[in-house]
1. Going through region 157-195 one residue at a time, which ones are within 19 Å of A223 (Cβ to Cβ) and of a type in the set (G, A, S)?
2. Checking M305 against (1) touching a Ser or Thr at 6+ places or on another chain (Cβ under 9 Å); (2) without any contact (Cβ under 8 Å) to a residue 60 or more places away in the chain; (3) closer than 20 Å to F40 by Cα, which single condition isn't satisfied?
3. Here are some conditions: (1) in the same structural domain as T342 (by TED's automatic domain parsing); (2) among the β-branched types (V, I, T); (3) over 20 Å from F68 (Cα atoms). T230 meets all but one. Which one does it not meet?
4. Does region 76-90 hold any residues that are in contact (Cβ under 8 Å) with a residue 40 or more places away in the chain, in a helix (DSSP H, G or I) and not hydroxyl-bearing (S, T, Y), and which are they?
5. Being crowded, with 18+ Cβ neighbours inside 10 Å and more than 21 Å from A331 (Cα to Cα) is true for just one of L255, L306. Which residue is that?
6. Please state which one of R144, R167 is among the basic types (K, R), farther than 24 Å from M305 by Cβ and in the same structural domain as P212 (by TED's automatic domain parsing).
7. For V8, work out the one condition from (1) touching a Pro at 6+ places or on another chain (Cβ under 7 Å); (2) β-branched (V, I, T); (3) within 14 Å of M276 (Cα to Cα) it doesn't fulfil.
8. In region 206-233, what residues are among the aliphatic types (A, V, I, L, M) and in a helix (DSSP H, G or I)?
Amino acid sequence: MGTHKIAVIPGDGIGAEVIESGVKVLETLASRDTSLDFHFERFNWGSARFLDTGQMMPDDALQTLKSFDVIYFGSAGDPRVPDHISLWQLRLAICQGLDQYANYRPARLLRGLTSPLRDVTPEDVDWIIVRENSEGEYSGAGGRVHTGLPLEVATEVSIFTRTGAERIQRFAFDLAGKRPRKKLTLVTKSNAQRHGMVLWDEVFEEIRGDYPAIQTDRVLVDAMAARFVTDPASIDVVVASNLHADILSDLAAALSGSLGLAPTANLNPEREFPSMFEPIHGSAFDIVGRGIANPLGAIWSASLMLDHLGEAQAAAQIMSAIEKVAADGTALPRDLGGQASTADVTEAVCAVL
């Protein structure tokens, strides 16, 4: 397949720790398979740079990233920088600037791990949440006027376009068609959000006839949150707006064992721009430097990245290694009930490979 050019952006907090674990796993794979070749280039963009320069990343960052095949990202967020700055000037700037509109978040209860849910099996917790990643509640539209005065007004405008709704919903339908159960749930809140979410629902009704093999249902977001807890086996693929899927995917990750386990792919399905892969757990500054961060979410994200690059066999090898480490149980991080360090977990995955 040639050399895969990977832009590595560790970002903030434990991002650097877990991304280096993922890089080590990829290098271990490459050392065992001469057909794999990776070129990593690291970019120290993030809150530390913001504190020095006033920018999370340089003006030409997006142009720089366009020359890479994929982006491997750690996290954004630092207590010294307001969250809306660190997120919008780094992660969201990349996702929107490179039109990574399809956010793909699998959540599985791996054998050997324990869910907070009672009496569930790995077959019950095997979900994919598809998140619209470019507009909706995180469109960035809005502003503030009369700042600092008693009559100050702040607006946050949700943007729903027919194009945006259709492309993410078709992505979800296509994904559901590749799954054994062929089931797709649309999450909405159109009873209360009577403009954007009504359009969201209407698009779904218009296109679902193009996918007769897919079983569909439509559920209000609050009811969907309850369903993840009370009827997990009824869920397969879920498609939701930017905000709703953001919240539900964190819930799904927690129910599968831990946020530290969960991966993310921010995809530009047409491959006009590079896609970005990251764990969902955030910067976790409370455990920075302690060597206890769970690297499995970052390593799983590396598996998704390889699959996107066309390296299906290598991706499957990483996933199999994660599953074996989980099932063995002797090298689990603290958030999964073990005592292993970040380095221990990484070494365990590499040993399996």
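The values are calculated or read from the model by the stated rules, or taken from the named source; none is laboratory data. It should be emphasised that the depicted structure is a prediction, and the values quoted were computed from it without experimental measurement. With ideal geometry, Cβ positions are generated from the backbone for all residues, glycine too; neighbour counts draw on all protein chains shown.
1. A172, S190, A192
2. Among (1) touching a Ser or Thr at 6+ places or on another chain (Cβ under 9 Å); (2) without any contact (Cβ under 8 Å) to a residue 60 or more places away in the chain; (3) closer than 20 Å to F40 by Cα, M305 violates only (2).
3. Of everything listed in (1) in the same structural domain as T342 (by TED's automatic domain parsing); (2) among the β-branched types (V, I, T); (3) over 20 Å from F68 (Cα atoms), T230 misses just condition (1).
4. At the first step, the residues of region 76-90 found to be in contact (Cβ under 8 Å) with a residue 40 or more places away in the chain are 76-79, 86, 88, 90.
Applying the additional criterion that residues be in a helix (DSSP H, G or I) yields 86, 88, 90.
Those that are in contact (Cβ under 8 Å) with a residue 40 or more places away in the chain, in a helix (DSSP H, G or I) and not hydroxyl-bearing (S, T, Y): W88, L90.
5. Numbers: L255 fails: more than 21 Å from A331 (Cα to Cα).
Only one candidate qualifies: L306.
6. R144
7. (1)
8. So the first thing to find is which residues in region 206-233 are among the aliphatic types (A, V, I, L, M), and the list is 207, 213-214, 219-221, 223-226, 229, 233.
Answer for region 206-233, where residues must be among the aliphatic types (A, V, I, L, M) and in a helix (DSSP H, G or I): I207, V221, A223, M224, A225, A226, V229, A233.
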